[in-house]
Amino acid sequence: MLALEPSELDPTDTADHAISALKASAIRNVVISARRGAEDAAFTSPELRELPKLEHTNVIINRKDIDDAFARVGESIEKDTKSNLDAMALVTDKEATNHDRTLTFQFLATPIEIKGNGKVEEVIFKRTGTDETFSIKCGLVITAIGYEAASLEGIPYEKGRVVNVDGYVADNVYVVGWAKRGPSGVIGTNKSDAADVMNLLVSKLVQPKGKGDVSEIISHNKVVTQLHWQSINDAEIAAGEPLGKPRRKAVSREELLNLGAL
């Protein structure tokens, strides 16, 4: 997103405030840096195959990084790893252009220091497995160096995730996603994971002690039902149509509730 020409987002369903912020951004060069080699990258090949299609951005991957990755994994390479490396190789084959935006991938680079006076100005790296260092001048650092679920009092916690059996933690306590499995999978993985855990939750429901009418509680708390969601969905699509967008997203709770007639 940071390396895109923001006008490319105009016909998408990206929220208006996000597009405005990106258009005001001075960022032109983005470096994605990894401590390990290209063979360990957690991208998916469909994502990588979209990169050569960017119309206003140079995407730079060093072919040697890919060749070295193939050499390290050898004949034991897994299917997904090969697909990723093949996709990155396609990026290296793309002819260089004169675009004013660049997206560079660098591998085997371990960050050891961030320098700056009151702001980020430079990052010092070490070539992984060596004593060689180098630096990159920059004005923004975004970290993505692993994930650990937050530890909550009374909840069993081990090795960065909540201890569970298929999502079940204890009576009335369930967990989904990375907090359940650890940092793995994509959005689709978490969706199916959530569905499985909800089915488990429903299967463990017991007969409630009270038999009162819950409609007042639902109404008071403005619970969004499927019908309300459909109203929100229809309104977003209708708002996006004259703008040539698939939808114009509502982003505040108040606006969403209004669109849902709540």
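Please treat every number below as a calculation from the coordinates, not as lab data. Here the structure is a predicted model, which is why all the values come from computation and not from measurement. Quick reminder, even Gly has a Cβ in these numbers, built from the backbone with ideal geometry, and neighbours come from all protein chains shown.
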25 Å Cα cut-off, lysine pairs counted over the range 60-208 (separation 8 or more, or different chains):
17
Hey, what did the range 215-259 get for relative contact order, percent, Cα under 8 Å, at least 6 apart?
33
In percent, what relative contact order does the chain have, based on Cα pairs under 8 Å that are 6 or more apart in sequence?
17
C-alpha center-to-center spacing [the range 132-151, the range 168-229] in angstrom:
34
Taking all pairs of distinct alpha-carbon atoms in the range 215-259, Kirkwood radius in angstrom:
11.3
For the chain, what does -39500 (n - 2.57) per DSSP helix run (n ≥ 4), summed and divided by total residues, give at 222 nm, in deg cm²/dmol to the nearest 500?
-10000 deg cm²/dmol
Calculating P(r) over Cα pairs in 5 Å bins from 0, in percent from this structure picks out, from (1) 1, 6, 12, 15, 16, 13, 11, 9, 7, 5, 3, 1, 0, 0; (2) 1, 6, 14, 18, 20, 17, 13, 7, 2, 0, 0; (3) 1, 5, 8, 9, 12, 14, 14, 13, 10, 7, 4, 2, 1, 0, 0, entry (3)
Equivalent ellipsoid semi-axes - Cα gyration tensor, the range 109-174, angstrom:
39, 15, 8
Calculated over the range 157-203: convex hull of Cα atoms, volume per residue (Å³)
58
For the range 1-131, what is the Kirkwood estimate of the hydrodynamic radius, computed as the reciprocal of the mean inverse distance between distinct Cα atoms, to one decimal in Å?
16.5
Relative contact order of the range 157-203 (C-alpha contacts under 8 Å, at least 6 apart) in percent is 34
What does the highest-first list of 75-88, 148-161 look like by mean Cβ count within 10 Å?
75-88, 148-161
For the range 128-262, count the residues as N, evaluate 2.2 N^0.38 Å, and divide the Cα radius of gyration by that value, please.
1.54
Report for the chain the percent antiparallel among DSSP-assigned beta bridges with both residues inside it, nearest 5.
60
Around ARG35 (Cβ within 12 Å, Cβ-to-Cβ, excluding ARG35; K/R +1, D/E -1) the net charge comes to +2
